[in-house]
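Before any comments, here is the structure.
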Amino acid sequence: MGKKSNAMDPTADFSDHSIANLETKGLSQGQIVRRRFIRHRAAVGSLFLLGSIIIFVFSALNLHILFFHYHGWWKYSTTDLPELMYKNCPNDSIGCPTLDVIPKFIDGTGVGLGAHPFGQDDIGRDYFALVMRGAQRSILVMFIIGIIAAVIGTVIGAIAGFFRGWVDAVLMRFTDFIITIPSIIIGSVIGFHFGNLGVMFLAFYLGMFSWTGLSRLVRGEFLSLREREFVDAARVAGASNRRIIFKHILPNAVGVIIVSVTLLMSGAILLETALSYLGFGVIPPDVSLGLLISQYQDAFTTRPWLFWYPGIFIIIIALCVNFIGDGLRDAFDPRQRARLTKRMRTRKVPLENQGAKSE
Amino acid sequence: MFAYIMRRLGVLFVILFGSSFILYNLAAISGDPLEALRTSSAPNAKQQMLVLTRSLHLNIPPPIRYFIWLKGILGVFIGHIDFGMTRNAQPVATSISAAIPVTIRLVAGATFVAILLGITMGIVTALRQYSRFDYFMTFVSFLMFSLPIFWVAVLLKQYLAITFNNFLSHPTVTPGWLIGLSIASGIFWAAVISGSRKRVWSIFVAAASSTGIFLEILSITKWFIHPGLGPVIILGAGIGVAFAITQLSTGISHRPALKAALVMAAMGPVVYYPVQYIFNTNGRLISFPLLVLVTIGFAVAISFYFAKIDRGPVIRTAVLTASLIGILLIVDKFMQTWRPYMETDAVNYRPIPTVSQANSLLAPGNYWFTALDILVHMFLPTIALTLISFAGYTRYSRGTLLDVLNQDYIRTARAKGLTERTVIMRHAFRNTMIPLTTIIVVDIAGIIGGAIITERVFGWVGMGTLFNQALTSFDLNLLMGVFLLTSFLTVFANLVADLLYSALDPRIRVGG
């Protein structure tokens with residue numbers, strides 16, 4: 001049944017069921033997941049928003065990666081020291097934002113960015129450039145922590161769950177061992193000594209300590225999947241352990257992994273800001289969103305914008321990642337979706353049609 | 001089972017040994033405790049360095065020094081544990097035992113409120129899955145997931161504390177607030193209860209108008225200046241509580257339970273004046289446990305009178321109702337203390353503080369003043385921490401309940417013709433609580449770890465502050481003391497959670 005006839009189907013209201021029925025029509029697992037994800041509007045919107053933010057933030061400033069030089073579209077960099085502006089600022093404050101989003105017919109001035117849309121900091125640095133740099137750092141940290149934790153957690157959890165026995169015991173006790181050392185403590189201890197090694201190193205060691213929850217989840221998933229019939233069938237057919245792990249079990253566990261990594265990433269962005277706030281994360285002159293907030297929290301009463309802009313960026317990024325994670329969870333694990341609500345049950349369309357249709 | 005527990009405990013100690021060894025050495029190489037003294041120009045700097053070196057054994061390399069520290073810790077087996085000395089020549093145990101009550105006060109309240117609200121919200125949103133209320137709460141909880149706590153804390157200090165203080169010093173509800181709060185309450189109740197369009201509107205109108213009238217009455221009678229409940233309101237609220245608890249616990253149709261709960265409600269105003277007398281003896285602590293015991297004993301006795309068979313549910317209902325009415329009486333006492341507390345010089349009509357854990361200017365001696373002082377200092381940090389941790393419980397309990405509602409035994413229960421209340425409260429809710437319990441156990445153990453950032457923003461001196469202080473001044477013994485306590489509790493709570501899980505859910509076996 002194609003899309004067209006589906007739209008005219010009286011039971012199309014039961015969108016969950018129509019999708020469930022399509023599963024029998026030769027769609028691959030990936031296609032099913034993609035369809036379910038696209039139906040989660042908040043998640044798709046968040047994915048789009050996060051993508052735009054990443055492009056916006058990373059294209060704003062100059063980038064130098066090895067031999068690659070990119071010239072950003074924003075006129076200031078984080079090290080420029082333009083003159084501190086204090087014209088038209090409320091309460092005799094300095095460096096207030098020039099961003100104006102109220103159209104001309106309300107306040108007389110038009111919509112425009114002005115010289116410093118987010119204002120300036122104490123010594124006149126452009127705050128928009130600082131926030132962009134901070135957001136770059138936060139996004140970078142988020143992805144590095146996510147990738148490192150995903151790799152370590154999946155490998156350890158998979159090996160422990162697949163081989164069981166003493167391998168499992170050793171690896172799980174090792175995981176317990178890492179769990180006892182809270183990442184904020186190890187972050188502070190190392191950060192205090194090596195903190196100025198830069199943001200990449202910070203992300204790297206935080207990743208080294210954030211995989212524990214994931215490895216337990218993956219282990220549980222492997223423990224249950226390895227007992228399933230299709231694994232027995234593969235083994236009888238002579239598949240090697242490697243093939244069973246990569247071709248048979250891992251694709252079935254990938255949903256759990258992806259969902260949990262997304263949630264881990266949104267936690268990572270908050271961990272980085274918290275550590276920077278305490279002074280154990282990113283260290284000046286480098287910039288991060290948490291650092292910006294902690295530097296200017298005392299200026300809140302007089303210059304609130306120094307506090308608002310970095311905070312809003314943290315929240316938007318973390319919120320997007322959370323929604324994407326929720327959409328992925330819905331897509332991979334539809335157990336929570338298919339429940340018939342009371343309203344559905346009392347609708348005009350009798351349920352028998354459902355059963356008839358799926359045959 | 002016993003062998004399994006012993007094995008886990010053994011592994012627990014090995015893990016703690018390993019991680020403490022590594023952390024000790026890491027922390028030892030992370031800085032030089034004598035650095036400040038080396039550059040100091042004080043005449044006795046050299047002397048101080050010598051004293052510090054001797055008392056902290058700084059001349060011994062860290063891997064070996066660790067065993068000196070461990071020897072003190074292992075004293076726990078001979079009944080004399082020694083955490084060592086801090087830099088300021090004070091026993092670590094003293095600093096920690098001073099910090100623990102502060103931390104518990106800070107985190108325990110917030111954890112409790114977050115668990116209660118979070119689970120309630122999770123259940124309501126699961127029962128109203130895909131309603132507007134569900135989408136709204138999903139958005140709110142994701143938003144709270146994404147909030148950095150220090151950011152929330154600064155906002156709370158700046159807006160909530162100041163606005164609330166202004167309101168409390170001149171408590172009149174302005175028309176703007178009145179309308180706003182009424183509409184908010186109308187939307188909230190209409191969304192929670194939901195139903196057909198007509199019903200939603202009538203609920204909205206009813207909730208909004210009753211909230212508005214209620215606030216107006218409070219404002220006109222100057223209730224905000226002289227708050228209090230009094231026996232009449234306690235009777236009214238008690239009857240409401242009795243019906244609500246009975247409905248949730250056994251169902252209204254269970255007459256003995258309803259009767260027992262209503263007797264409890266009637267007892268509220270009866271005991272009001274005697275209880276005031278006991279309260280006014282200025283909180284001799286012995287009387288509180290006694291009051292609790294008397295309340296529970298009375299509730300049990302009444303249930304025995306009303307129910308001849310199957311007493312369990314009746315006792316549960318009566319005890320829950322009695323406890324809530326007891327809480328109402330205590331709240332009333334706090335309200336009566338409010339005005340005199342506001343009028344003291346130490347408070348001076350600005351009751352909501354933004355920093356510190358207690359008002360040092362407040363004269364000691366009055367038990368209720370001190371208790372109220374602690375409560376108002378807890379106000380902002382508790383809100384901040386609750387906002388952050390509330391979201392996790394909501395999402396988790398919503399997910400678990402939805403999972404449970406899809407199980408076959410729920411369909412069976414419905415097919416048997418059980419009422420929706422029984423299906424939800426007895427079959428679904430209890431099974432939802434199984435995974436939640438294990439999470440709660442681990443979280444409660446985490447309370448002792450404190451909240452480094454919250455403590456810092458609000459200027460409390462708890463475990464988090466202690467840890468931070470130890471780290472920045474390279475106070476190794478203090479650092480290890482905090483670490484040992486928190487990590488022991490974490491690992492231990494995980495063990496308890498595993499055991500509890502298998503005890504609550506017989507499908508899961510530990511050991512094996």
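Just so it is clear, none of the values below were taken in a lab; they were calculated from the coordinates. Note that the structure is predicted; figures quoted are calculated from it, not measured. So basically every Cβ, Gly included, is an ideal-geometry build from the backbone, and we count neighbours across all protein chains shown.
For the residues A:LYS247, B:LYS259, what sequence is obtained by ranking on other C-beta atoms within 10 Å, fewest first? Could you put the intermediate results ahead of the total?
Values: A:LYS247 12, B:LYS259 20.
Listed from fewest to most nearby Cβ atoms, that is A:LYS247, B:LYS259.
Under the simplified labelling scheme, the A:LEU49-B:PHE136 pair shows an inter-label distance of 1.8 nm, with each label point 7 Å from Cα along Cα→Cβ.
Averaged over peptide A:271-280, the number of partner chain Cβ atoms lying within 10 Å of each residue's Cβ comes to 4.
At a Förster distance of 51 Å, what's the computed FRET efficiency of B:ILE233 paired with B:LYS416, Cβ-Cβ distance as r, to 0.05? All intermediate terms of the calculation are to be shown ahead of the outcome.
Numbers: r = 42 Å, r/R0 = 0.82.
E between B:ILE233 and B:LYS416, to the nearest 0.05, is 0.75.
To the nearest 0.05, how large is the calculated FRET efficiency for A:ASP333 and A:ARG164 if R₀ is 25 Å and r is the Cβ-Cβ distance? Efficiency, rounded to the nearest 0.05: 0.55.
Mean Kyte-Doolittle of at least -1.0 plus a Cα span of 30 Å or more along the axis: flag which DSSP H helices in chain B meet both, please.
Numbers: long enough: B:2-29 (41 Å, 1.66); B:92-127 (50 Å, 1.89); B:197-220 (34 Å, 0.97); B:255-280 (37 Å, 0.77); B:311-343 (49 Å, 0.58); B:367-405 (48 Å, 0.94); B:476-504 (41 Å, 1.76).
The qualifying helices are B:2-29, B:92-127, B:197-220, B:255-280, B:311-343, B:367-405, B:476-504.
The packing ranking of peptides B:136-149, B:294-307, highest mean first, is B:136-149, B:294-307, where packing means the average number of other beta carbon atoms within 10 angstrom of each residue.
Note on A:PHE174 and B:THR281: the model spin-label points, each 7 Å out from Cα along the C-beta direction, lie 6.3 nm apart.
A simple count of charges around B:MET342, restricted to other residues whose Cβ falls under 14 Å of its Cβ and scoring Lys, Arg +1 and Asp, Glu -1, yields 0. Remark: spin-label model distance B:SER209-A:PHE201 equals 6.9 nm, labels positioned 7 Å along the Cα→Cβ axis.
Sorting B:435-445, B:75-85 by their mean Cβ neighbour count within 10 Å, with the most densely packed peptide first, gives B:435-445, B:75-85.
Start at zero, step by 10 Å, and the Cα-Cα distances of chain B spread as 3, 13, 21, 26, 19, 11, 5, 1, 0 percent across the bins. Overall shape: rounded for the protein assembly as shown, with the ratio a/c of the largest to smallest alpha carbon gyration tensor axis below 1.5.
The mean number of Cβ atoms from other chains found within 10 Å of a Cβ in peptide B:16-26 is 3, as a whole number. Residue ranges B:458-465, B:12-19 sort as B:458-465, B:12-19 when ordered by packing (mean number of other C-beta atoms within 10 Å per residue, highest first). Going from the fewest other Cβ atoms within 10 Å to the most, the residues B:PHE492, B:PHE2 appear in the order B:PHE2, B:PHE492. Based on DSSP H segments of at least four residues, each scored -39500 (n - 2.57), the protein assembly as shown has a per-residue ellipticity at 222 nm of -23000 deg cm²/dmol. Partner shielding of A:309-320 amounts to 3, given as the average count of beta-carbon atoms from other chains within 10 Å of each residue beta-carbon.
Report, please, the projected area of the range B:376-512 averaged over directions, based on the convex hull of its C-alpha atoms, in nm². Please list the in-between numbers first.
Working: hull surface 46.2 nm².
That works out to 11.6 nm², a quarter of the Cα hull's surface.
Between A:GLU229 and B:PHE2, the FRET efficiency from the beta-carbon distance, with R0 = 35 Å, is close to 0.45. Within the shell of other residues whose beta carbon sits under 10 angstrom from the beta carbon of B:PRO227, the net charge comes to +1, with Lys and Arg scored +1 and Asp and Glu -1.
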